[in-house]
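The values are calculated or read from the model by the stated rules, or taken from the named source; none is laboratory data. Just so we're clear, the structure is a prediction, and the values are computed from it rather than from any experiment. Neighbour counts are summed over all protein chains in view; Cβ atoms, including those assigned to glycine, are modelled from backbone coordinates with ideal geometry.
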Amino acid sequence: MARQEILTRDDPAPPLLVCVLDEGVLRREMGAPEVMRDQLRHLAEVASERISVHVIPSGRHRGVAGSFVLATLADRSEVAYVETAARGITTGEPQDLTTLTERFESIRSRALPVDQSLELITRTAKERWS
């Protein structure tokens, strides 16, 4: 929770965060139903002007081999963190960044808009986890 404070700080301004989640994560049980419900409610509550949450409906994209994060630093340089089955890898290699940026944009273009995503998250928390 302490790490999340960066997302709501006043000075300096918090970073812009755009998350794209596969619909399956809303339904895949991790912990007790109460934990899932609380997690999904929290996810919907933290959405703001600086935090966008998109859900990509099942079957809309062929997916990726694992999760990844793209970050643009204050000096406008870019870095990526890629999760693999064995370890996480940080890279700034231009070819890697191009591949991951293209993949992210392809996935995001098929995701629901924020308002529809938040409605789906809230509905799933209520219907599946209550």
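Of all residue pairs spaced 6 or more apart or on separate chains, those with beta-carbon atoms under 9 Å, a first member in the stretch 30-55 that is over 15 Å from residue 127 (Cα atoms) and a second member that is acidic (Asp, Glu) and crowded, with 18+ Cβ neighbours inside 10 Å are 55/22; 55/23. Being modelled with pLDDT under 95 and exposed (fewer than 10 other Cβ atoms within 10 Å of the Cβ) is the filter; apply it to the stretch 77-104 and report the residue that is farthest from residue 48 (Cα to Cα). So the residue we want is 86. With respect to (1) surrounded by 16 or more Cβ atoms within 10 Å (Cβ to Cβ); (2) assigned to a helix (DSSP H, G or I); (3) modelled with pLDDT of 95 or more, the lone exception for residue 112 is condition (2). Close contacts from the stretch 1-19, counting a first residue that is over 21 Å from residue 76 (Cβ atoms) and a second that is not in a loop (DSSP other than H, G, I, E, B) and not hydroxyl-bearing (Ser, Thr, Tyr), with Cβ to Cβ under 7 Å and a gap of 6+ residues or different chains, come to 19/53; 19/54. Looking across 3, 60, 28, 50, one residue alone is out of contact with any Ser or Thr (no Cβ under 6 Å at 6 or more places or on another chain), surrounded by 15 or more Cβ atoms within 10 Å (Cβ to Cβ) and of a type in the set (Lys, Arg). It is 60. The residues of the stretch 9-21 that are out of contact with any Lys or Arg (no Cβ under 9 Å at 6 or more places or on another chain) and surrounded by 10 or more Cβ atoms within 10 Å (Cβ to Cβ), listed by number, are 9, 19, 21.
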